[in-house]
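Just below is one structure, and these are the notes that go with it.
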């Protein structure tokens, strides 16, 4: 458990151990999410990635992608279609 003091401007310094845990550094953004009567702080970039993963969950199977090579082949096919003006 860590403790931080709020300044008169509503600012806090996030303890180094918490910054390390979240994987945030100078200039990064953090996200505050209310969960019941608690507020959880998260690395905004990591949260965006997790949301994208949730949104795409099951899409690979629906598209018939079974491995990394299938993805590479699909990207090549899409690039070829776009370069041919389709």
Note on region 7-25: residues surrounded by 10 or more Cβ atoms within 10 Å (Cβ to Cβ) and outside any loop (DSSP other than H, G, I, E, B) are 18, 19, 20, 21, 22
For region 63-73, indicate whether the set of residues that are on the phi < 0 side of the Ramachandran plot, without any contact (Cβ under 8 Å) to a residue 40 or more places away in the chain and in contact with a helix residue (DSSP H, G or I) (Cβ under 6 Å, 6 or more places away or on another chain) is non-empty.
yes
Can you tell me which residue is nearest to the chain's Cα centre (by Cα) among those in region 26-67 that are in a loop (DSSP other than H, G, I, E, B) and surrounded by 13 or more Cβ atoms within 10 Å (Cβ to Cβ)?
28
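Every number here is computed from the coordinates shown, using simple stated rules; none is lab data. These numbers come from a predicted model, not from an experiment. Note that we place each Cβ from the backbone using ideal geometry, even for glycine, and neighbour counts take in every protein chain shown.
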